[in-house]
Each structure stands twice: as structure tokens, then as C-alpha cells.
Amino acid sequence: MNLERSVFVAPDTHEALYHLEEKGEKYLVTEKGARYEYVNGFPNLVFPRYVEQLRPVGYYDEYAKTYDIVYYQTFMTFKEDEVATRNKMIDLLNLKPKMRILEIACGTGRDSELIAKRLGPGDEYVIADFSSGMLTV
């Protein structure tokens with residue numbers, strides 16, 4: 001296979017994935033031909049694939065655009081400064097140089113932005129969420 005190797009692996013078989021562009025569409029593919037399409041610019045590696053049809057994923061896709069507008073109320077309810085509280089939680093991660101970080105269920109990236117500001121050369125940071133709508137925001 002003369003395709004460029006991706007950093008991703010197939011979620012079900014853990015096979016290497018390769019970049020493929022066909023008729024203007026982008027995919028990640030395995031050597032055996034399994035395809036994973038891009039949704040809103042992100043590779044859709046949800047496994048099992050039927051999870052996307054579950055109500056919570058659709059709910060978060062629809063809610064993504066207004067999520068950050070109303071989420072701050074959670075912090076206001078407890079009279080907490082959102083950024084300060086998030087930074088206190090991130091401090092507990094005890095991040096060190098050259099770490100490899102995986103954030104699952106990153107949502108719209110409120111913590112992700114704060115974590116990214118702390119990273120330096122050589123650090124690896126991957127974020128993931130079931131909702132492509134949340135990732136797009």
C-alpha cells in the first residue's frame with residue numbers, strides 16, 4: 001500500500017490506518033480495505049459504529065452550538081470562577097514535559113484549551129469525543 005501512514009489505528013482491529021483521498025472525500029483505510037470517513041473534518045473512529053445512532057450522541061451534536069453559552073451556569077451555581085476551577089483540576093494532573101496526554105470526552109474543548117497552553121515542544125496531546133458537533137465547536 002503506497003499511502004501515507006496515519007497516526008491512528010482502526011478502533012476495532014488496531015490495524016494501521018492510511019490516508020486516502022478519493023473523489024474529493026477523505027478517508028482513513030486499513031490494508032484490508034476497511035474505511036473510516038471524516039465527519040466535519042475529524043476522522044470518525046467511533047466503535048462500535050452503531051453508537052452514533054444512540055440518542056446521547058445526537059443530543060450532543062445538536063446541543064454543541066449552545067453548550068458553552070449555558071455551561072458556565074454550572075460554575076455560577078457554586079460561585080466558582082470557571083477558569084480558576086478548571087485550572088485547579090488540571091493542576092492535579094501534574095503535567096510534566098514530554099508527556100503523552102489523551103483527553104477523552106473533551107466536549108467543546110474548555111479544558112483542552114487550558115491544557116494546550118501548558119504544553120511545550122515534544123509533548124503529545126490527543127483529544128477525543130463521540131460528538132463530531134462538539135469537536136467542531
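Observations, loosely collected:
- Seen against the Cα atoms of the chain and their longest principal axis, helix 82-91 is set at about 70 degrees.
- Hz values of 3J(HN,Hα) by residue in the range 30-45 - Karplus curve (6.51, -1.76, 1.60), Gly and Pro given as x: 9, 4, 7, x, 5, 10, 10, 7, 8, 10, 6, x, 10, x, 8, 10
- Total formal charge among the other residues, if their Cβ is under 9 angstrom from that of R110, Lys/Arg +1 and Asp/Glu -1: -3
- Sorted from longest to shortest, the spans of the Cα atoms of the range 73-120 along the three principal axes equal 37, 19, 14 Å.
- C-alpha long axis of helix 55-77 to longest principal axis of the chain, angle in °: 20
- Heavy-atom SASA rank of F75, F47 (probe 1.4 Å, accessible area, largest first): F47, F75
- Under the criterion of Cα pairs below 8 Å and six or more residues apart, the relative contact order for the chain equals 20 percent.
- With a cut-off of 12 Å between beta carbons, the residues surrounding I101 carry a summed charge of 0, where Lys and Arg count +1 and Asp and Glu -1.
- Estimated translational D of the chain in µm²/s (Stokes, Kirkwood radius over Cα pairs; 20 °C; 1.002 mPa s): 125
- Counted charge near K32, where neighbours are those whose Cβ lies closer than 14 Å (Asp, Glu -1; Lys, Arg +1): -2
- Here's how it looks for S6: its modeled amide H is under 5 Å from those of L17, Y18, H19, which are all 5 or more places away or on a different chain.
- Furthest towards positive pole of dipole, P48, A84, V70, structure part the chain, Cβ charges: A84
- Calculated mean residue ellipticity at 222 nm for the chain: -10000 deg cm²/dmol, from DSSP H runs with n ≥ 4 weighted as -39500 (n - 2.57), summed, divided by the residue count and rounded to 500.
- Under Karplus coefficients 6.51, -1.76 and 1.60, residue-wise ³J(HN,Hα) of the range 122-137 in Hz, glycine/proline x: x, 7, 10, 9, 10, 10, 8, 7, 5, 8, 5, x, 5, 4, 5, 4
- Taken about its Cα centre, the chain carries a charge dipole of roughly 280 debye when the Cβ of each Lys and Arg holds +1 and the Cβ of each Asp and Glu holds -1.
The values are calculated or read from the model by the stated rules, or taken from the named source; none is laboratory data. Predicted, not measured: the structure shown is a model, and the values here were computed from it. Virtual Cβ from ideal backbone geometry, glycine too; neighbours counted across all protein chains shown. What goes into the accessible areas is simple: the full protein's heavy atoms, side chains included, and nothing from ligands, DNA or RNA. Shrake-Rupley method; radii C 1.70, N 1.55, O 1.52, S 1.80 Å.
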